[in-house]
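Asker: Please find one structure pasted underneath; my questions will follow.
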Amino acid sequence: MTEERRPFDDQRMDAIMGRLLQSGVLLASAVVLVGGLLYLKAHPHTSVNYRTFVSEPAELRHPGALLREVAAGNAAALIQFGVLLLVATPIARVVFAVIAFAMERDRLYVAISLFVLAVLMFGLLHGV
Amino acid sequence: MPALPFTMLIFAGSTLAGMLGALTGLGGGVVLVPLLTLVLHVDLRYAIGASLISVIATSSGAAAAYVREGFSSVRIGMFLEVATTLGAVFGALLATRTPTRALAIIFGLVLLYSAWLSRNGHPEDGRERKASPWSDRLRLSGQYPDGQGGQIPYKVDRIAGGFATMFGAGTLSGLLGIGSGAVKVLAMDRVMRIPFKVSTTTSNFMIGVTAAASAGIYLKRGYIDPGLAFPVMLGVLIGSLLGARLLVRARVSVLRTVFTLVILALGVEMIVNGWMGKL
């Protein structure tokens with residue numbers, strides 16, 4: 001490793017990534033906490049059963065519909081929105097890696113990060 | 001059971017799972033899934049969805065500290081994430097087509113393997129390490145702090161083998177909703193001969209991205225239930241924070257032995273239940 005000072009190096013990238021991940025988790029937890037408390041307040045005595053698998057309702061499974069439900073004050077939707085924020089945190093870190101490697105002019109790793117990002121987007125959007 | 005006590009119960013269990021996961025380095029998922037399915041009788045698919053959420057939360061939370069300490073390698077992580085994310089998408093697609101009985105048996109086997117791995121300590125750093133000529137070309141070589149202000153350089157070997165093992169780790173993660181940190185460490189430490197501290201911290205750093213690759217598929221399939229995700233996510237996060245604090249004072253060797261036995265018992269129970277079609 002050379003000792004020359006570069007305006008942007010792996011160490012700076014590490015530091016920013018750490019903050020990014022921390023903030024993402026904190027934000028997602030806060031949203032989930034609020035959603036969870038509202039959810040419990042809305043139906044504290046409803047009986048729950050997770051013994052048999054019933055897929056979640058459609059409005060909780062698609063981002064567009066989910067946002068409409070959040071706006072309508074649906075507590076379950078707010079929790080799912082927090083979950084989406086949590087899932088977005090590692091994705092944001094890959095997006096940041098693309099930018100950081102580009103600033104380091106490391107073309108190989110820009111390509112690698114972009115590929116990882118493409119797989120993530122496939123999983124998130126396609127869903128099969 | 002009414003929602004309020006059930007939520008409290010899940011929250012308490014998740015806190016415990018997160019704490020044990022942080023103390024032993026195996027992650028919360030390996031305790032959480034058996035706890036939800038065997039003790040609280042949650043359907044395995046809901047348990048897997050909830051576990052995946054807990055995995056992303058703890059990985060991102062812990063990675064924040066690790067990356068700043070300079071142990072984990074962003075480059076090795078990103079390079080190997082090509083394999084783990086592809087594996088995770090593949091695994092998540094398989095999961096929706098695999099009967100829960102088979103999933104339970106596979107999960108049990110992974111538990112047994114994790115138990116075996118935590119018994120057999122890792123080889124010491126500083127042994128003779130070979131290196132692949134591709135190590136420098138792919139810029140995977142790096143250095144990590146030696147704890148006395150210096151840096152220890154390292155190179156990477158058997159890249160193809162490590163890559164293939166990582167694909168397997170990703171598939172397991174997508175299939176079972178766990179971080180499969182044990183397999184990731186195996187790929188880096190044993191196959192690619194990356195120093196143990198770099199392997200474990202980079203593994204932790206990668207787990208969140210691997211899990212995020214399959215989360216979308218699980219969300220769309222309705223495996224992630226808000227009523228479960230809420231207490232599990234918050235519980236595991238608080239638990240892992242507590243665990244990290246305790247780690248300084250805890251007698252990890254005793255803890256590890258107890259944990260190994262628990263994992264072993266849970267693994268056998270998952271396999272038996274899966275075999276008899278009870279899950």
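The values are calculated or read from the model by the stated rules, or taken from the named source; none is laboratory data. Model, not experiment: these values are computed from the prediction. Backbone-built Cβ (ideal geometry, glycine too); neighbour counts: all protein chains shown. Remember, those area values only see protein heavy atoms, side chains included, never the ligands or the DNA or RNA. Shrake-Rupley method; radii C 1.70, N 1.55, O 1.52, S 1.80 Å.
Asker: Take the stretch B:32-41 and flag every residue that is buried (at least 23 other Cβ atoms within 10 Å of the Cβ) and within 12 Å of chain A (Cβ to nearest Cβ).
Answerer: B:Leu36, B:Thr37
Asker: Would you point out the residue of the stretch B:136-166, among those that are away from chain A (no Cβ under 14 Å) and open to solvent by less than 30 Å² (accessible area, probe 1.4 Å), that is nearest to A:Arg107 (Cα to Cα)?
Answerer: Residues of the stretch B:136-166 that are away from chain A (no Cβ under 14 Å), as a first pass: B:146-149, B:156-158, B:160-162, B:164-165.
Subset that is open to solvent by less than 30 Å² (accessible area, probe 1.4 Å): B:156-157, B:162.
Details: B:Val156: 20, B:Asp157: 23, B:Gly162: 23 Å.
Result: B:Val156.
Asker: Is it true that some residue in the stretch A:70-79 is of a type outside the set (A, V, I, L, M) and either assigned to a helix (DSSP H, G or I) or facing another protein chain (nearest Cβ under 7 Å) (or both)? Before the answer, list the steps.
Answerer: The first filter runs over the stretch A:70-79 and keeps only residues of a type outside the set (A, V, I, L, M), leaving A:73-74.
Remaining after also requiring either assigned to a helix (DSSP H, G or I) or facing another protein chain (nearest Cβ under 7 Å) (or both): none.
No, every residue in the stretch A:70-79 fails to be of a type outside the set (A, V, I, L, M) and either assigned to a helix (DSSP H, G or I) or facing another protein chain (nearest Cβ under 7 Å) (or both).
Asker: Exactly one condition in (1) surrounded by 14 or more Cβ atoms within 10 Å (Cβ to Cβ); (2) out of contact with any helix residue (DSSP H, G or I) (no Cβ under 8 Å at 6 or more places or on another chain); (3) small (Gly, Ala, Ser) is false for A:Ala77; which is it?
Answerer: Of (1) surrounded by 14 or more Cβ atoms within 10 Å (Cβ to Cβ); (2) out of contact with any helix residue (DSSP H, G or I) (no Cβ under 8 Å at 6 or more places or on another chain); (3) small (Gly, Ala, Ser), only one is false for A:Ala77: (2).
Asker: Does any residue in the stretch A:16-36 that is more than 7 Å from chain B (Cβ to nearest Cβ) come within less than 7 Å, Cβ to Cβ, of a residue that is part of a helix (DSSP H, G or I) and surrounded by 21 or more Cβ atoms within 10 Å (Cβ to Cβ) six or more places away or on a different chain, and which pairs are these?
Answerer: Once the first residue is more than 7 Å from chain B (Cβ to nearest Cβ) and sits in the stretch A:16-36, its partners that are part of a helix (DSSP H, G or I) and surrounded by 21 or more Cβ atoms within 10 Å (Cβ to Cβ) give A:Leu20/A:Arg93; A:Ala28/A:Gly82; A:Ala28/A:Leu86; A:Ala28/A:Thr89; A:Val31/A:Leu78; A:Val31/A:Phe81; A:Val31/A:Gly82; A:Val34/A:Leu78.
Asker: Next question, about the same structure. For residues that are farther than 30 Å from B:Ser72 by Cβ and in a helix (DSSP H, G or I), tally how many sit in the stretch A:7-50. Lay out the reasoning, then the answer.
Answerer: Our first condition is that a residue be farther than 30 Å from B:Ser72 by Cβ; within the stretch A:7-50, this holds for A:34-50.
Okay, now just the ones that are also in a helix (DSSP H, G or I), so A:34-42.
Residues meeting the conditions: 9.
Asker: Would you mind finding the one in A:Ser55, A:Ser29 that is open to solvent by less than 70 Å² (accessible area, probe 1.4 Å) and modelled with pLDDT under 80?
Answerer: Numbers: A:Ser29 fails: modelled with pLDDT under 80.
None of the others qualify; the one that does is A:Ser55.
Asker: Okay, next question. Suppose we filter the stretch B:167-213 for residues that are buried (at least 23 other Cβ atoms within 10 Å of the Cβ) and more than 17 Å from B:Arg75 (Cα to Cα); how many remain?
Answerer: Number satisfying all stated conditions: 18.
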